[in-house]
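First the structure, in the form of structure tokens, and then the observations on it.
The values are calculated or read from the model by the stated rules, or taken from the named source; none is laboratory data. The structure displayed is predicted, hence computed values, not measured ones. Virtual Cβ from ideal backbone geometry, glycine too; neighbours counted across all protein chains shown. Please note that ligands, DNA and RNA were not included when accessible areas were found on the heavy atoms of the full protein model with its side chains. Shrake-Rupley method; radii C 1.70, N 1.55, O 1.52, S 1.80 Å.
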Amino acid sequence: MSKITTELLLERAVPRSTRLRKIETLNLSKLQLKTGDLDPRLFSRLRHLQKLDLSDNLLDKFPNSLTLPDLRVLNCNNNKLEDVTALKQFPLLEELTYENNVYLTLNDDYKVMFLLQNLRLLNGKDITKLANHVRRVNSRKLTSKVTAHWKKFFRDQLPEKYTAEQVKSIKKKFLKSVQTNVVYGPSSLSEFTRWRVKMIAEEFLAHSLSLELNSDTEPEEKTDENEEESTESPREAAEDVAQVVHIYDPLVTVTPSKRKRNNSKSSPGNKRSKTQANTEEEATEDVSAEPLHFLQCHSKGNSREDFKTQLWSCVFEPVLDSGARKDPIVSSSRTVATCGGESVCLIDCETGTVLKKYKVATEEFFSVAWTTLTMVISDSRKKAHNILAAAGRRGIVKLIHVAADFCYGEIKAHKKPIATVCFSPTQETHLFTASYDKRIALWDIGIPDCDYNFKASQLLVLETASIPLRIALVPTCPEQYLLAGCENGCFAWNIKLDKGQKSRPFEAIFQFPGEESMTTSHRVDGLAFLNDDVVVSKSSKPGCIYLWSWSKSFDAKGKGCQQTMSAVILAELEWSTTDMSYLTLSTCPAKEYVFCGDEKGSVWMYNLSSYTTAWGSPKGKRSERRISPTQILKWPELRVNGEQPPEILVNNVVADPAFTYLVVLTSVNITAIWKK
């Protein structure tokens with residue numbers, strides 16, 4: 001059991017405090033503390049801590065992700081520290097002392113001067129001028145020497161056409177040679193020089209030549225064995241950007257691995273039909289979308305050779321105080337949350353920067369959703385904050401306060417994986433979770449207090465006939481009806497909470513052309529509303545996306561539950577003839593667009609603004625012929641060891657409300673960002 005508890009922290013605060021978030025100065029000296037006693041989850045609640053005294057303890061290192069974003073002064077005197085690189089997680093640190101740590105040397109002094117850009121005092125001495133020399137002059141001279149060494153001895157060894165093994169061999173030789181032969185400064189700083197030379201050489205290869213670096217050249221920093229999850233601080237996220245692979249380049253040299261897709265079929269040879277070929281020729285309108293970034297930021301263990309992790313869900317962050325619920329055009333920023341594998345990332349679409357990254361080593365995330373909660377902050381003031389919910393294979397919902405870099409809680413919602421989640425647009429604390437246990441649950445997640453205490457409660461359980469894959473609340477009555485695309489069809493439930501029944505069966509199943517009963521129903525793996533009435537759904541029936549009217553299809557006056565209702569089809573969209581499942585669709589209601597990716601990495605875009613008026617008329621005139629895509633964005637030719645990655649499936653594609661950015665999630669651990 002850890003020696004550090006909430007009660008101890010409150011008692012050792014200077015002055016004593018009643019709340020962790022109010023502590024600015026903390027004295028934890030002379031407690032015989034070891035590294036394992038520093039619990040990142042507990043320390044992450046010390047968001048306003050500025051001064052920390054850990055002197056006279058038994059620390060041999062700092063755990064990663066202590067998440068002390070405001071720390072300015074740190075005393076580590078008289079410990080057993082062996083390494084200082086973990087201190088980079090405290091980017092605002094101004095004063096640092098670690099005297100009488102016998103394993104630390106002058107080389108470690110230079111490392112912290114480089115890593116901590118705001119550091120002024122080190123062991124009581126003003127190091128401002130020396131630190132500036134280390135960060136600028138030293139780095140500039142070493143960079144020049146590293147570049148010269150490559151040009152003189154290694155540049156000509158890379159053939160015009162190369163294999164992955166050739167690149168790996170040259171990289172290994174270069175890193176070894178440059179660390180041995182590049183010399184600068186006194187011999188007493190040789191360890192620091194080798195450390196910086198290797199860092200500069202890796203950056204040179206990765207960014208100047210776009211050569212992918214394998215992680216086998218240097219072991220990764222391991223997280224604490226007892227630390228299951230971590231939220232990276234802003235500085236750590238910035239450091240992680242260097243690990244993001246910008247793949248839109250002809251010289252990328254990582255070999256992707258073929259990925260397997262469960263519960264789906266693949267067309268033999270993936271050949272195009274004549275109909276599909278004609279459709280692609282008809283899609284001639286150009287919306288001038290250009291690729292901005294191709295990122296690999298969800299890799300397992302940060303491996304640069306992970307082309308197996310599948311990316312599943314993305315959603316743009318709402319803008320605070322923008323009247324988001326009234327005007328969708330201003331309701332989101334250029335920041336998007338993406339999930340796949342063990343991590344959730346926040347990405348700036350314009351710059352391609354990974355702003356923050358949240359990991360759970362034993363999880364595989366399938367879905368993310370935003371809500372905005374009005375929370376009580378210091379001095380009893382209230383302020384709106386964006387909260388991100390993330391869920392996946394473990395059936396657990398993680399609640400993340402993004403601005404504080406803090407996962408403040410979890411809800412054990414289901415015993416089986418959660419396929420998708422969504423928040424109510426009218427009730428900010430109401431969260432729907434759809435699970436492989438054939439249930440959709442409605443939760444009230446509550447509002448956390450200033451110490452992040454919260455209480456979640458289950459309000460409703462909707463019984464499904466099969467696994468729910470996609471859910472959507474009806475825009476005209478989001479507190480009364482919910483639609484779900486499931487493994488064996490599309491269903492609707494009455495979710496009104498004033499009804500006494502807490503567990504409810506579905507109220508209606510919608511029948512589509514070619515379906516005679518539930519036994520012949522198709523899997524519905526794509527579902528979204530284009531406007532208040534028009535539903536867009538994609539089934540496992542090849543080559544077709546249906547647009548249909550909710551108001552004309554659903555008979556609210558029908559008697560009894562589990563009615564079969566015929567979907568009133570307004571139009572069909574021409575799409576890929578693949579029978580590959582789980583390639584979902586999305587809509588941009590404000591711009592009247594539908595998006596859907598295919599099995600070849602392409603994005604099919606449909607501008608339906610010229611059709612919606614006719615569909616909204618009392619007669620609801622149906623479009624007689626299938627509507628071809630306005631444009632098909634082709635996957636660019638990314639060179640991976642001279643070849644394109646095989647079988648790139650687009651699992652999801654989402655635009656921001658203003659349709660400025662288009663985020664494409666693939667089956668090969670690549671996030672593509674396009675800009676209109």
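When SER65 is tested against (1) under 31 Å from the mean Cα position of the chain (by Cα); (2) on the phi > 0 side of the Ramachandran plot; (3) open to solvent by 30 Å² or more (accessible area, probe 1.4 Å), just one condition goes unmet, and that condition is (3). Looking across region 490-512, the residues that are crowded, with 17+ Cβ neighbours inside 10 Å, over 17 Å from ASP525 (Cα atoms) and not charged (D, E, K, R) come down to TRP493, ASN494, ILE495, PHE506, ALA508.
Hey, can you tell me all the residues within region 32-60 that are in contact with a Lys or Arg (Cβ under 8 Å, 6 or more places away or on another chain) and open to solvent by 40 Å² or more (accessible area, probe 1.4 Å)? Don't jump to the end; show me each part of the working.
Initial filter on region 32-60 (in contact with a Lys or Arg (Cβ under 8 Å, 6 or more places away or on another chain)): 32-33, 35, 37, 45-48, 50-51, 55-60.
If the condition is that a residue be in contact with a Lys or Arg (Cβ under 8 Å, 6 or more places away or on another chain) and open to solvent by 40 Å² or more (accessible area, probe 1.4 Å), then GLN32, ARG45, HIS48, GLN50, LYS51, ASP56, LEU58, ASP60 are the ones that fit.
Mind telling me which of the residues THR85, THR18, THR25 ends up being of a type outside the set (Asp, Glu), in contact with a strand residue (DSSP E or B) (Cβ under 6 Å, 6 or more places away or on another chain) and surrounded by fewer than 16 Cβ atoms within 10 Å (Cβ to Cβ)?
Working: THR85 fails: in contact with a strand residue (DSSP E or B) (Cβ under 6 Å, 6 or more places away or on another chain); THR18 fails: in contact with a strand residue (DSSP E or B) (Cβ under 6 Å, 6 or more places away or on another chain).
Just a single option satisfies the conditions, and that option is THR25.
Does THR587 qualify as being open to solvent by 10 Å² or more (accessible area, probe 1.4 Å) and at pLDDT 95 or above? Yes: the conditions hold for THR587. Pairs are defined by a Cβ separation below 8 Å, a sequence spacing of at least 6 or placement on different chains, a first member in region 155-171 that is more than 18 Å from GLU202 (Cβ to Cβ) and in contact (Cβ under 8 Å) with a residue 40 or more places away in the chain, and a second member that is open to solvent by less than 40 Å² (accessible area, probe 1.4 Å) and not β-branched (Val, Ile, Thr); the pairs so defined are TYR162/ASN641; THR163/ASN641.
Is it the case, given these coordinates, that GLU487 is open to solvent by 20 Å² or more (accessible area, probe 1.4 Å), assigned by the TED database to the domain that holds VAL568 and either in contact with a Leu (Cβ under 8 Å, 6 or more places away or on another chain) or hydroxyl-bearing (Ser, Thr, Tyr) (or both)?
Yes; evaluated as a whole, the condition is true for this residue.
With respect to LYS634, determine if the residue is open to solvent by 30 Å² or more (accessible area, probe 1.4 Å) and closer than 20 Å to PRO475 by Cα. Don't jump to the end; show me each part of the working.
Working: open to solvent by 30 Å² or more (accessible area, probe 1.4 Å): yes; closer than 20 Å to PRO475 by Cα: no.
For LYS634, the condition - open to solvent by 30 Å² or more (accessible area, probe 1.4 Å) and closer than 20 Å to PRO475 by Cα - is not met.
Answer yes or no: is there a residue in region 616-623 that is modelled with pLDDT of 90 or more and in the same structural domain as SER549 (by the TED database). No, there is no match, as no residue in region 616-623 is modelled with pLDDT of 90 or more and in the same structural domain as SER549 (by the TED database).
Let's see how each residue does on (1) in contact with a Lys or Arg (Cβ under 6 Å, 6 or more places away or on another chain); (2) part of a loop (DSSP other than H, G, I, E, B); (3) among the hydroxyl-bearing types (Ser, Thr, Tyr); (4) touching a residue at least 40 places away in the same chain (Cβ under 8 Å):
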position	(1), (2), (3), (4)
ALA571	no, no, no, yes
TYR582	no, yes, yes, yes
ALA590	no, no, no, yes
PHE595	no, no, no, yes
GLU599	no, yes, no, yes
SER610	no, yes, yes, no
ALA614	yes, no, no, no
LYS619	no, yes, no, no
ARG625	no, yes, no, no
